[in-house]
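The values are calculated or read from the model by the stated rules, or taken from the named source; none is laboratory data. Since the structure is predicted, the reported quantities are computational estimates derived from the model, not experimental observations. Quick reminder, even Gly has a Cβ in these numbers, built from the backbone with ideal geometry, and neighbours come from all protein chains shown. Protein only, heavy atoms only, side chains kept; ligands, DNA and RNA dropped before computing areas. Shrake-Rupley method; radii C 1.70, N 1.55, O 1.52, S 1.80 Å.
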Amino acid sequence: DCSGLYFRGATSPTLLETYFSCPYKSFAARGLKLQEREERSVMATDTGSFMHAVLEETARRSRELASEEECRALARRTGEALLETPRFAGIGDTDAGKYARERLLSEGEDVAAAAWLQLACSEFSVEKTEAPVAVKELSLAGKTDRIDSSGPYVRVIDYKTGAIEDDAASYYTGRKLQLELYLKGASEGRIPAGAFYFPAASDIASSSSAGKRFRMRGFFNAEEEVVRRMDKSLEEGGESGVFDYRRNGRAQDRAMSGEDFAAFLDYAVLVSARAEREMKEGNIAPAPYKGACDYCKLRSLCGFVGEERSEGAVKCSEIAEIVRRERGEK
C-alpha cells in the first residue's frame, strides 16, 4: 500500500498527470520526492513565477482598470515591486541582468495588457484568482490561476509560460488532466464554458503575429450563447482574437456542444479515479509514455528497457462517447 507516500493530503492534478506519464517516475519524484539541486542566482522557474504574479495582480484588479494604459501601468508597478524582493533582486547585478530586468517588465506589460483586452472583448469577468478547487467525486484539491464567469457560465484559465500541450491525445492518455479537473470542480452547479491556456511566454513577436500570440487555447463549449459571451466582437465567418476559434469555418474538434463538453470533462474524473486506485494498490512499474524518458533525471534508477507506450489520434467526440458507454447510455 503506497498511500502513505503518495497521499499525504488531497491528490493533486500534477500527481495524476505524472502517474499517467510513467508510474515509476511518479513514485520516485512525487512519492519519494527525489530531485536534483539547482544552484543559480535566479532559478529557471523564476521568470514564470514573475509572469504569474503580474497576471494575478492585474486580473484581480481588472474591474478597476478603465483602459489598456491603466493595465500596463499597474503591470509595470507590480513588476518593479517584485524585482525588489529577495527572489528577484539579483537580476540587475550585471549588464546582462539589467537587460533581463527591463525585458521582464516589458513582457509583463504585454501579457497583462493582452489578458485585460480579452476580458474587455468578452462578457466574462474575473471571479477568483489563485482559486482553490476541489472535485467532489475525487479526493482531489488544487489551485487554478483564474476562474471567470458570465451568468451561469464558468471557464478556467491557466497561465502557461512554457510549451502548451493541449491535444486530445494528451488528455485521453491522462497526461494533461489539470484544466479539465479544475473546470469540473469550479463549475459545480453551473455550466462549464471552457478550459483554456493563456500563453504568457516571454517571446519576441512581430506585429503581424501579435494578435494570435496571446490567443487562449483549449477545449470549450461552442454553443452560440457561450461563443458570443466569450468574444462579443466575433463576426459571422470571423476569427476570434480572444480564443482559438473561427465562426462558421472548418469544424474544430475541440469546439463541442454543451452536452459533449460536459461528458468530455467527466472523462477526467473517470481516469483520475482509476489512477488513484492503482497508486493506492502500489503500481510503480516503469511504463513510460512516449517521450517521458527523453529528459527523465530518474532514468538510471528504473532500468527501463522496452517499448514506450503511445497513442494514435483521438477525437474529443470519441472521448465523450467513452463516458457515455461507461454510464450505460449507449
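Would you confirm whether or not the stretch 170-190 contains a residue that is under 15 Å from H52 (Cα atoms) and either touching a Pro at 6+ places or on another chain (Cβ under 7 Å) or part of a helix (DSSP H, G or I) (or both)? Break it down stepwise before answering.
Initial filter on the stretch 170-190 (under 15 Å from H52 (Cα atoms)): none.
No, every residue in the stretch 170-190 fails to be under 15 Å from H52 (Cα atoms) and either touching a Pro at 6+ places or on another chain (Cβ under 7 Å) or part of a helix (DSSP H, G or I) (or both).
Residues that are modelled with pLDDT of 90 or more, open to solvent by 50 Å² or more (accessible area, probe 1.4 Å) and farther than 29 Å from L265 by Cα: find the helices (runs of 4 or more DSSP H) completely inside the stretch 26-141 holding 3 or more of those.
68-82
Please state which of the following conditions R146 fails to meet, knowing it meets all the rest: (1) open to solvent by 10 Å² or more (accessible area, probe 1.4 Å); (2) within 24 Å of E64 (Cβ to Cβ); (3) of a type outside the set (S, T, Y).
Failing condition for R146: (1).
Check the stretch 193-211 and report whether any residue there is among the hydroxyl-bearing types (S, T, Y) and open to solvent by less than 50 Å² (accessible area, probe 1.4 Å). I'd like the intermediate steps shown before the answer.
Of all residues in the stretch 193-211, those among the hydroxyl-bearing types (S, T, Y) come to 197, 202, 206-209.
Subset that is open to solvent by less than 50 Å² (accessible area, probe 1.4 Å): 197, 209.
Scanning the stretch 193-211, I find at least one residue that is among the hydroxyl-bearing types (S, T, Y) and open to solvent by less than 50 Å² (accessible area, probe 1.4 Å), so the answer is yes.
Just checking, which of G151, G174, G162 is in contact (Cβ under 8 Å) with a residue 40 or more places away in the chain and farther than 26 Å from S310 by Cα? Reasoning before the result, please.
On the way: G174 fails: farther than 26 Å from S310 by Cα; G162 fails: farther than 26 Å from S310 by Cα.
Among G151, G174, G162, only G151 is in contact (Cβ under 8 Å) with a residue 40 or more places away in the chain and farther than 26 Å from S310 by Cα.
Go through the stretch 229-246 and report how many residues are of a type in the set (K, R) and touching a residue at least 24 places away in the same chain (Cβ under 8 Å). Write out each step before concluding.
Initially, the stretch 229-246 is screened for residues of a type in the set (K, R), giving 229, 232, 246.
Those still in the list that are touching a residue at least 24 places away in the same chain (Cβ under 8 Å) too: 229, 232.
Qualifying residue count for the region: 2.
Pull up the stretch 246-263, narrow it to residues that are open to solvent by 30 Å² or more (accessible area, probe 1.4 Å) and in a loop (DSSP other than H, G, I, E, B), then point me to the one that is nearest to E180 (Cα to Cα).
Filtering the stretch 246-263 for residues open to solvent by 30 Å² or more (accessible area, probe 1.4 Å) gives 246, 248-254, 257, 259-260, 262.
Those still in the list that are in a loop (DSSP other than H, G, I, E, B) too: 248-254, 257.
On the way: N248: 26, G249: 25, R250: 24, A251: 22, Q252: 18, D253: 16, R254: 13, S257: 16 Å.
Among them, the one singled out is R254.
Name the one entry in E276, E326, E321 that is under 16 Å from F219 (Cβ atoms) and assigned to a helix (DSSP H, G or I).
Among E276, E326, E321, only E321 is under 16 Å from F219 (Cβ atoms) and assigned to a helix (DSSP H, G or I).
Filter the stretch 228-239 down to the residues that are touching a strand residue (DSSP E or B) at 6+ places or on another chain (Cβ under 8 Å) and assigned to a helix (DSSP H, G or I), then identify the one that is most open to solvent (accessible area, probe 1.4 Å).
Going through the qualifying residues, I end up with R229.
For the list (1) free of Cβ contacts under 8 Å to residues at least 60 places away in the same chain; (2) surrounded by fewer than 21 Cβ atoms within 10 Å (Cβ to Cβ), I need the number of the one condition that A222 fails.
Only one criterion in (1) free of Cβ contacts under 8 Å to residues at least 60 places away in the same chain; (2) surrounded by fewer than 21 Cβ atoms within 10 Å (Cβ to Cβ) is unmet by A222, namely (2).
Kindly provide the set of residues from the stretch 282-330 that are polar (S, T, N, Q) and surrounded by 13 or more Cβ atoms within 10 Å (Cβ to Cβ), ordered by number. Quick ask: steps written out before the conclusion?
Of the stretch 282-330, the ones polar (S, T, N, Q) are 283, 300, 310, 317.
Within the stretch 282-330, N283, S317 qualify.
Against the conditions (1) of a type in the set (D, E); (2) open to solvent by 40 Å² or more (accessible area, probe 1.4 Å); (3) within 21 Å of the chain's Cα centre (by Cα), where does D266 fall short? Just the number, please.
Unmet for D266, out of (1) of a type in the set (D, E); (2) open to solvent by 40 Å² or more (accessible area, probe 1.4 Å); (3) within 21 Å of the chain's Cα centre (by Cα): (2).
Go through the stretch 297-317 and give me each residue that's farther than 15 Å from E259 by Cβ, touching a residue at least 60 places away in the same chain (Cβ under 8 Å) and part of a helix (DSSP H, G or I).
The answer is L301, C302.
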